[in-house]
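The values are calculated or read from the model by the stated rules, or taken from the named source; none is laboratory data. What you are looking at is a predicted structure, and each value in this text was computed from that prediction instead of being measured. Heads up, the Cβs are rebuilt from the backbone with ideal geometry, glycines too, and the neighbour counts pull from every protein chain shown. Areas reflect the complete protein model, heavy atoms only, side chains present, ligands, DNA and RNA absent. Shrake-Rupley method; radii C 1.70, N 1.55, O 1.52, S 1.80 Å.
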Amino acid sequence: MNQFAKVFTEHPASVGETYFQHFRHSMSFSIRMITGGFACMAHAFFPFLCVRTGSTQIRSLHDKMVVNRDKLTPCEQPARDVHTFIPEYYI
């Protein structure tokens, strides 16, 4: 595989996905993060709106990205590097 193709496939492979699977998951996460960000912005101006939307999105994304991945058997788990986890004190 040439170097150009490698930069697009190396990270997705490290989490057990193809480029297009990783693209789909990343895009779904970005849409949810943007939606949660707009909800937080609305909440800043109008504190009675979107009271739990931001924290709900964060918990949901954390579950999809970290918790559900941890439920895989050791053989099914993708390799992780030190930059792919969320320390407990951030939760």
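All of Thr53, Thr73 fail the test of being of a type in the set (Val, Ile, Thr) and at pLDDT 90 or above, apart from Thr53. Taken over the stretch 35-55, the criterion of being without any contact (Cβ under 8 Å) to a residue 12 or more places away in the chain and polar (S, T, N, Q) is satisfied by Ser55 alone. Within the stretch 1-20, being open to solvent by 80 Å² or more (accessible area, probe 1.4 Å) and closer than 20 Å to Met65 by Cβ holds for Glu10, His11, Tyr19, Phe20. Taken together, the residues in the stretch 18-34 that are free of Cβ contacts under 8 Å to residues at least 24 places away in the same chain and within 14 Å of the chain's Cα centre (by Cα) amount to 11.
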